[in-house]
1. Filter the range C:210-224 for residues that are more than 10 Å from chain A (Cβ to nearest Cβ) and buried (at least 19 other Cβ atoms within 10 Å of the Cβ) and give the result.
2. Restricting to the range B:322-341, what's the tally of residues that are more than 7 Å from chain A (Cβ to nearest Cβ), more than 15 Å from B:L274 (Cβ to Cβ) and assigned to a helix (DSSP H, G or I)?
3. Would you pick out the residues in the range C:238-254 that are buried (at least 24 other Cβ atoms within 10 Å of the Cβ) and either under 18 Å from A:T18 (Cα atoms) or charged (D, E, K, R) (or both)?
4. Considering only the range B:100-122, state which residues are β-branched (V, I, T) and facing another protein chain (nearest Cβ under 10 Å).
5. Filter the range B:194-233 for residues that are part of a helix (DSSP H, G or I) and of a type in the set (S, T, Y) and give the result.
6. Which of the following residues is over 19 Å from the mean Cα position of the chain (by Cα) and over 23 Å from C:E240 (Cα atoms): C:L302, C:L307, C:L271, C:L267?
7. If you check B:A237, B:A215, which single one turns out to be touching a Leu at 6+ places or on another chain (Cβ under 9 Å) and within 29 Å of B:S270 (Cα to Cα)?
Amino acid sequence: MTPPLLVAAVDTSSGWQTFLQYALIGLTNGALFALVALGYTMVYGIIELINFAHGDVFMLGSFLALALIGAMAKYLGWNWGEPAMIGLGIGLLLVVVPLFCAALNVTIDRVVYKPLRRAPKLAPLVSAIGVSFVLMNVGLLWGGAADRHFPDLVSRQSVLGETAALSFTVKDLMVVAITVPIMIALTLFVKTTRLGKAMRATAQDPLAAQLMGINVDRVIGATFALGGALAGAAAVIYGLYINTVSYQMGFQNGLYAFTAAVLGGIGNIPGAVLGGLVIGLARSLGSGYVGERWTSALVFVILIAILVFRPAGLLGSRTRDKV
Amino acid sequence: MSPASRKRPPVELLYLAVLLAYPLLVYPEDALFRLTEISIGMQLTYIFIYAILALGLNVVVGFTGLLHLGIAAFFGIGAYITGILTVPAYPFQLGFLAALALSTAGAALLGVLLGAPTLRLRGDYLAIVTLGFGEVTRFTLRNLEEITAGTRGLNPVPAPSLPVAMTVPLHWLGIEPDWSLDYRLFYYLALGLLLLVVVLLRNLEHSRLGRAWVAIREDELAATCMGINAARVKLSAFALGCGLAGMAGCLYATTLTSTAGPDAFDFNRSIIMLCCIILGGLGSVRGTLLGVFLLIGFDNVVAPILDGLIQGADINPSGNPLLTFSNWKLMIFGLALILMMRFRPEGLIPSVQIEAEMTKDLPGPRGIRAEAR
Amino acid sequence: MSRFLPPVLLIALLGMITLIGWQGSAGGDPELIKIVSSLPRTGSAKAQTDTIVNGIKIALAESQSKAGGFEIVYADWDDATAGAGQWTAEAETANAARAVRDPDVMIYIGTYNSGAAKISMPILNKAHLLMISPANTWPGLTKPDKGDPGEPAIYRPTGQVNYVRMVPTDDLQGPLGAAWAKELGVKRVYVLDDNEVYGKGIATLFIEACQDLGIDVLGHESIDSKAQEFKPLMATIKGEKPDLVYFGGTTQSKGGQIAKDMVAAGLDCKLMVPDACYEEAFIESAGAENVNDRCYVTFGGLPPEELRGPGRAFVEKYEQRFGGKPEGYAIYGYEAAKVALAAISRAGAKDRAAILKACLAIKNFDKGALGTWSFDANGDTTLKTISGNVIHNGQFEFVKLLGQ
């Protein structure tokens, strides 16, 4: 990393503190990127499709969450001011929104990508771009062109005590407390269950998997459902954490998540998590030590550098093209 | 192209004749302007420029099969090189031809610098590297304010100087010798350059190099076994594609009299160009031209006309966003792409080889051929 | 022959269109004058430009669409595209060329973005077409030595002024904002901008004024307006312990996100933003609870509630006709259209150069809603009213006139 420019003026002990603060923010943001990246990587692992529409499924999920919060207050008299109700409400959102995103993702796969399974790779890729445009337009008509404020429901109380020099709030904790268990559960699911095994088999060789009696279509559907659900969960957390939603957010976040997936080695689940964390850290440390306006460029410079030296990503194994 | 059709006069010449005659006839342009309030001639100029850009991209993606998601960056690099070399704020103040040559060469050189270490990456990894490079370029243009003037863009980019010998024939054709007052000067400049590029690519396509590109696209391993130096062939395609993008960028900046802002060269532009060549037919020069004509024409001509009609009909006095055509543009665009891929994935005018591949029923859930590409 | 069918059809179609188009009126209607506006009508600036267009419509309705014996028609052009979500150089160029070409167009109202004006100004200048901007605040468009080298001469290829504007420029607003900050007891500021023409310009002017006034400028950063959040940046700023954060930028370039990320990072100092955030959409996107009583907004002109006399009447008319309050720039749209109508009446001829000359000669104009003012030699208004406002209870509340 470039030498600390801004912190140079501050003494060393607080220099460390600042560094830790950036790292905390970076890891929290990174956990969010990772959650979206998982959806990219799982779909890619199975059908080798860069699903450009994934970020927009995520965007629609956060619009749904925003609409639900309003509707629950209006029609159910939900009191979003009371801690218990907030907890329960967020729990509800974390069920409904992922279900919606999973259903949306599966529908997209069935209607758009499935007929193209045998076509060369560019055809589904361009379709995915097309789906992304359509979903973005739906978001535009649904939420309007301007940024929308997402209610700030989670407390900003520090979990480290009010006097602590580091700031780590309940809100930050929420992100970690929801994303980490989801990632662990996903890993266990893919490693241990029958369906998870079928997914791995299909990713390795779909033809052989089919010959072994695996229903490849069902496995692909399940992968899209799972990826969509992860995006839905990420959408709820994103809304609660960043507090702004807009119809363009899917594109930007999708880009980062996709980068994270590639960085870690696309198709590789721990790789996507690692990639997300690296990008989160690169952004926050870049903002702190290089300059805010260079952060996005820095993410991509790191990406290019890593791919030049490790052409299959951080955790990807080097495979030769099959002949 | 079948041998029989090669002997008959190619139909393209008829289109070319229409394009050449259109501005000189004056009446059609005036009539269209009166009906639509849009200068079709001026929009055609932009379409020619984008066509050069798309043809460059087609060399990389269509001929050679390398997925390039950052072509807009090279378009922007061409525009900014032109800006730096010509605007009054810099001491160079070169003429148009010098700027054109240097923009093309500069973009090609950067393409080689990016390509040399990364072209060995597998398909999708290369795609993300080019995408990343595109974003890095955009931010660099934005942030290196001392050089690029940030988001303000470099301006004014001067118009090309007309040779004195041209004034008489121009007068004879009824064209005013002022680039900003008469669109036809840029129109013919862009059309001329586009023609040059088309002829160049047509010749390259059937040359040794062109066949090597296609061989790499079809099967890199087999091509290497046949003695093709894959790295060098890929790099040449990359250099040519990026160079053409730079050339289009130079033309773009000169026509707009400004480099515009860095955001004019974002990922969106790359994606639209990619959609143009896929819609038209990958690897096919005629297809690329048609794709650009349809997609850019839709965005720049059809959409404003429809918006104007809706405004004029006054059916939307309250400004309801659902009744504004432009609010549905992305949807229409997206649906067109999806339907196209579903029913005609080889594009409207496909290249012969790609059509054969795309219509062949491939075995297995993913297909062995898909794997190799 | 089937291969030749499409081009032959194309030629036939062109011929038909030519015939149809040619039957319409030739060379324009001598009794009719067209006023056009070129503003970003799609994307994030739409809320603001809606009210500008409404302001123009009110002015035209007041005069029954007549001026100097001519019938006035108005067309609302868009210089943004749906794909970009903001103004584009191509759309602005096309609009300018379209205006120059249409023999009925005598006045071009626009642009909203200073960057767009830089592109259309030279084109319109060559055609001696009067351009009235209701919103551009970049000083370099009119004032020598206040912008980039060569400005504004590079926008005037004929050497003559054809561009006037209704709003006070940033070289007033930035420094007056700094002076107000000092009055508020601010000693340490951190300055952010959105890296756009407008935002960066005004932030730079703010910093210069701070240095003159002895306010400590702790740092200056440009943000990426497409980024989603600024938490690490806020951590940096928090470490500097400023009394005030100044953001040179707009609602669309993440003004709202800056406000809420400040609060999220526990940075509870004041925030000051310029006129481009003076709109309901800013409070909506920031969340009222994040800006109440800590966000200060400077604005060129008086807020609608504070207007008296003709200004008050305009606001009432607006509310009556369109329902809902006008945004800050609506009145400038109205004033621009009023000036346009006055210029046509004074010229009394359908002639671009004559109308331009009549407009530049306007002195002590009081037909509009802004009070009495004149154009100076650069085409700037002599009006220099900048107001200071604070957000209270989710509303803009007028505090004082700045610099008086």
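1. Taking the range C:210-224 first, the residues more than 10 Å from chain A (Cβ to nearest Cβ) are C:210-218, C:220.
C:C210, C:I215, listed by residue number.
2. Step one: of the range B:322-341, the residues more than 7 Å from chain A (Cβ to nearest Cβ) are B:323-326, B:329, B:332, B:336, B:339-340.
Then keep just the ones that are more than 15 Å from B:L274 (Cβ to Cβ); that gives B:323-326, B:329, B:332, B:339.
From what's left, assigned to a helix (DSSP H, G or I): B:323, B:325-326, B:329, B:332, B:339.
Final tally of qualifying residues: 6.
3. Scanning the range C:238-254 gives a single hit, C:K254.
4. Within the range B:100-122, the subset β-branched (V, I, T) is B:104, B:112, B:118.
Hit for the range B:100-122 is B:T118, nothing else.
5. Within the range B:194-233, the subset part of a helix (DSSP H, G or I) is B:194-205, B:208-218, B:220-225, B:230-233.
Result: B:T224, single match.
6. On the way: C:L302 fails: over 19 Å from the mean Cα position of the chain (by Cα); C:L271 fails: over 23 Å from C:E240 (Cα atoms); C:L267 fails: over 23 Å from C:E240 (Cα atoms).
Answer to the selection: C:L307.
7. Numbers: B:A215 fails: touching a Leu at 6+ places or on another chain (Cβ under 9 Å).
When all the criteria are applied, what remains is B:A237.
Here's the yes/no breakdown for (1) hydroxyl-bearing (S, T, Y); (2) over 30 Å from A:L24 (Cα atoms); (3) surrounded by fewer than 14 Cβ atoms within 10 Å (Cβ to Cβ); (4) more than 8 Å from every other protein chain (Cβ to nearest Cβ):
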residue: A:F63; (1), (2), (3), (4): no, no, no, yes
residue: A:A73; (1), (2), (3), (4): no, yes, no, yes
residue: A:N137; (1), (2), (3), (4): no, yes, no, no
residue: A:L153; (1), (2), (3), (4): no, no, no, yes
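The values are calculated or read from the model by the stated rules, or taken from the named source; none is laboratory data. Fair warning: this is a prediction, and the values are worked out from it, not measured in the lab. Positions of Cβ are backbone-derived with ideal geometry, glycine not excepted, and every protein chain shown enters the neighbour counts.
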